[in-house]
1. When Asp90 is evaluated against the numbered criteria (1) in contact with a helix residue (DSSP H, G or I) (Cβ under 8 Å, 6 or more places away or on another chain); (2) without any contact (Cβ under 8 Å) to a residue 24 or more places away in the chain, which criterion, by number, is the only one it fails?
2. Taking Lys67 as the residue in question, decide whether it is more than 14 Å from the chain's Cα centre (by Cα) and closer than 24 Å to His107 by Cβ.
3. Of everything in the stretch 84-123, what is surrounded by fewer than 16 Cβ atoms within 10 Å (Cβ to Cβ), over 15 Å from the mean Cα position of the chain (by Cα) and not charged (D, E, K, R)? Give them in sequence order.
4. I'd like the full set of residues that are modelled with pLDDT under 95 and either in a loop (DSSP other than H, G, I, E, B) or among the β-branched types (Val, Ile, Thr) (or both), limited to the stretch 52-82.
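The values are calculated or read from the model by the stated rules, or taken from the named source; none is laboratory data. On a predicted model such as this, the values are computed, not experimentally measured, just so you know. No Cβ is skipped: glycine too gets one built from the backbone with ideal geometry, and neighbour counts run over all protein chains shown.
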Amino acid sequence: RRKPNYKIRNVPSEWKSHIYVSREAQMIYVFEGTEIIRSMPCITGLKGTSSETHQGLFYLILKEPDKYFKLGGHSDYWMMYNYYGEGFHDANWQRKEWFTPTGYEKHGSHGCVNMMDEPHGSDDASWLYAYITFDMPIIVN
């Protein structure tokens, strides 16, 4: 698995757990304290366009199962974390082989963090949906 280019020493000590999304590595890292407990490949917003995933510190706003998107598509696990309308979700329309560090250059999303799940032989999105809480910091870089 790809390692995060991330300085864990900058994380406030009161954060018991947090999520770090690396747009460069196209990975999601889930931390408990300073330990990575899970790392998952992802596809973020289409590189070089207005659909690039926004960077910043966010918190979960909404968790919704069985979400239908305005632009088409369906998700079993929708986790919105900013008011740009971006969030984590399963994306069965993305091919497994596109979940690479360069996959978002041609197959990027409209800004969301696309995740693998059952159709890809994975449980990443369902696992995160069960794990994530509304007070958990989400860093997108």
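1. (2)
2. Details: more than 14 Å from the chain's Cα centre (by Cα): yes; closer than 24 Å to His107 by Cβ: yes.
When the stated conditions are applied, Lys67 passes them.
3. Of everything in the stretch 84-123, those that are surrounded by fewer than 16 Cβ atoms within 10 Å (Cβ to Cβ), over 15 Å from the mean Cα position of the chain (by Cα) and not charged (D, E, K, R) turn out to be Trp93, Thr102, Pro119, Gly121.
4. Phe69, Lys70, Leu71, Gly72, Gly73
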